[in-house]
Structures are given as structure tokens and as C-alpha cells.
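Below: the structure, in C-alpha cells.
The values are calculated or read from the model by the stated rules, or taken from the named source; none is laboratory data. Please read these numbers as outputs of a predicted model, since none were measured by experiment. When we count neighbours, we look across all protein chains shown, and the Cβ atoms used for this are built from the backbone with ideal geometry, even at glycine.
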Amino acid sequence: MTIRRSIEDYLYTYSKQTIPLDELELLFPGSSCSYRQLAEAILELEDEQIVQMVRAQGRNGKQPSLAYQYRVNKSKLKQGHHKELQRARLRLHPLIQLDSYFTADPAVWQGDRAILDRLDRYLRQAPLPTEAVPAPERSYELVGDEKWITEQGGKELLERVRLWERLRILSVADPLMFAIHPQLLNPRQPAAAPVYKHLIVENKTTYQGLLPALPHVSFATLIYGCGKKIIKSIELFPVQIPLLEAEHRFYYFGDLDHEGIHIWHSLTERAQHVLQAPIQLAIPFYQACLDKTYAYGKQTHRKDESSLEAFLHPFSIEERQRIRTCLAEGGYYPQEALKTQELGHIWRTAVWN
């Protein structure tokens, strides 16, 4: 960002009519900007009458000379803002509609610019999607952050530029919590004790994405883990599905980050006590994640070496190294890295022992 742009961004949100020179200087602490560079930017704004010298305060004796205080001309500032929007209209993909920014606070535009550039790249690289997918999945596809749409104002931005409907995004609702009558799972009593498989997923996006595939797999249930809540709620499994003579096999798929690994490890310890059964990792889903580029942003997660060692055990040596490298570099794989179609395909075609 240029020095002038930084000053303009600050002035857009500045509430007073005049601003002292030393406040503008504080925008560039240390050696990030020389006096001459700052002066050239401010003098450009002076020439365009965006800032005007308060004559009673005078000018400093430096070269080039700057006023000790400036009056901010908001109308001129907005004119420059409108010119910038006109240039952006020519530069950005035509599906990105900028009309709302002409009447909104210029600070909204300043905050949205970087994301709009990413949306522009997305729209130029591929046609508009034809199938609706959950919001976090589309969010990760657009900006590399699965929470952007639902938690960081992404939905509002997409509505501002009239892309929300075009990008076919499903709002993710909390899954219905229910118990299954034993006869639905076991309508006829077999001679031998049956084996039932159950898939637990950490996030509701993945739960929703896998629901369409449930009738086409050999799993008795798909369980929404709801993050850490599954560690406690797994205790209700024998009550909600009281098939005491059956053998139950549990598989787990969560975010591949320190938090997701810790949830799985705590869950499998609890399950050993409550169900006398381990919670196996749903390896095919994790392997599919490893074929993709990992994201960044989970550096603050607490590392638990014992959980990590247990998690890595069923993977190959090469896969273990790739996981360790990803985590060591502050990377992670959210479940949303796998699209709805991928999830269903993996669940239907993988071999589940």
C-alpha cells in the first residue's frame, strides 16, 4: 500500500475536521517512511485540495515544507473515492457489482478491497458453480478460510456485490439430534451378532455434506460430533442405540489440526471406557486432505505430543512426515478442504474394515 493510500484510508474514518501533522507522522512509525516520502504524499493531497493548510498554525521549516495542521475536505476525499471505484469497475470481473460502495462509508470499500481481488481471481479461473454446497465449503474455496462467510462478514460482502445467490451457498443449520429405534437398524434378528459401522464427523458442514451418501454406504449411522461435545455425548450412544448384542465399529473424521487431533484422542479414551471400543480414524478422508494444499491460521492451538503420536500411528511413514511438516509450519486441513462430492465419493468407495 502506498503512503498516500495509507493517509487516505486514515482520513476516511477520521471524525474531526482538522488533523495535526504529527498525527499523520504517527501513521508511519520508525523508519517505515522517510520525511520526504511523507511530504510528497501530503503535498499531492494539498494540490488536489483533499487537505488544506490551516494558515493560523503556519508551516514547518523543513524541505519540502508542510503545514502544522490541515483541514480535511471530505467532499474532495469522496470524489477521489468515486474515481477509484470507477477504475475498480473496469478492473474487476463484471459479475462483481460495486454500486453499493458509492453510497456506503468509504471505509467499507477499504476493508473489502483485498477480498474482492480474491473473488476476482476465483471468477476468472472457473465458471460459476452449478451445485449448491454448505457455506464453509464455499468459503474455503473462495478465500482459503472456512469461517469467512459465517463468522467474518463474508455473507454480507457477497450480498453487497450481488454474488451470494450466484455462488449457490447453503446456510448450514444445526443438525437434528435424534435417537434411532433398534428395529430400524435391526428389523430381523440375525443368527449371528451383526456388525454396525458408525462415522463421527467433527463439523456440521461435513455432516451435511455426507448426509446424501448415507443411504448408499454400509454405515448404520452418521454422527455429528459438534466439536468437543462428542467427548461427553458419546456416553449416550448405548442408550440411544441399545443394540447390546451387536458389534459396533466407530470411525472419526475431524479437522487435521492440533485441536481436531486432541478431540479424537480424548474421544477414543472415553469410548474405550464407555463402549469398550476404539474410535478408529477414517483414514481415507484424511489421506484425501493430504493431497491438497494446507491452509494457515491455527498457530495458537495447544500441541499435545501424546495425542499427536497416537493420531499418526495408523498412517504411513511418508504421511506422518507430511502431517508433522504441515503442523510445524502452522498449517492445517479443515474438513471443508473436501468438497461435498468428494466426501460422498470417498465414503462410498473406500474400503472400511
How about region 236-261: which of its residues are assigned to a helix (DSSP H, G or I) and touching a Leu at 6+ places or on another chain (Cβ under 9 Å)?
F237, P238, H258, I261
Any hit, region 273-293, residues being at positive phi and in contact with a Phe, Trp or Tyr (Cβ under 7 Å, 6 or more places away or on another chain):
no
Just one of the numbered conditions (1) under 21 Å from L170 (Cα atoms); (2) in contact (Cβ under 8 Å) with a residue 12 or more places away in the chain is not true of L211; which one?
(2)
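Among L128, L116, which is out of contact with any Asp or Glu (no Cβ under 9 Å at 6 or more places or on another chain) and surrounded by 17 or more Cβ atoms within 10 Å (Cβ to Cβ)?
L116 is the lone residue from the list that is out of contact with any Asp or Glu (no Cβ under 9 Å at 6 or more places or on another chain) and surrounded by 17 or more Cβ atoms within 10 Å (Cβ to Cβ).
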Top-ranked residue of region 69-115 - restricted to ones that are within 21 Å of L45 (Cα to Cα) and of a type in the set (S, T, Y), ranked as modelled with the lowest pLDDT
S75
Residues of region 262-283 classified as in a loop (DSSP other than H, G, I, E, B) and either in contact with a Pro (Cβ under 9 Å, 6 or more places away or on another chain) or over 23 Å from V217 (Cα atoms) (or both), total:
2
Scanning region 306-337 for residues that are among the charged types (D, E, K, R) and under 20 Å from the mean Cα position of the chain (by Cα), which turns out nearest to P284 (Cα to Cα)?
E336
Scanning for something under 29 Å from D117 (Cβ atoms), in contact with a strand residue (DSSP E or B) (Cβ under 6 Å, 6 or more places away or on another chain) and not assigned by TED's automatic domain parsing to the domain that holds W109, does region 51-63 turn up at least one residue?
yes
Could you say whether any residue in region 69-78 is of a type in the set (G, A, S), surrounded by fewer than 16 Cβ atoms within 10 Å (Cβ to Cβ) and under 30 Å from L116 (Cα atoms)?
yes
Give me a count of the residues in region 131-149 that are within 9 Å of the chain's Cα centre (by Cα) and surrounded by fewer than 17 Cβ atoms within 10 Å (Cβ to Cβ).
2
Does region 295-309 contain at least one residue that is assigned by TED's automatic domain parsing to the domain that holds E269, within 19 Å of Y251 (Cβ to Cβ), part of a strand (DSSP E or B) and at pLDDT 90 or above?
no
Quick one: in region 313-353, of everything that is small (G, A, S) and part of a loop (DSSP other than H, G, I, E, B), which residue is nearest to Q208 (Cα to Cα)?
A350
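The rows are residues; the columns are (1) more than 20 Å from E342 (Cβ to Cβ); (2) surrounded by 12 or more Cβ atoms within 10 Å (Cβ to Cβ); (3) at pLDDT 90 or above; (4) not assigned by TED's automatic domain parsing to the domain that holds Q335.
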| site | (1), (2), (3), (4) |
| --- | --- |
| V201 | no, yes, yes, no |
| Y207 | no, yes, yes, no |
| V217 | no, yes, yes, no |
| Y224 | no, yes, yes, no |
| L243 | yes, yes, no, no |
| G254 | no, yes, yes, no |
| H258 | yes, yes, yes, no |
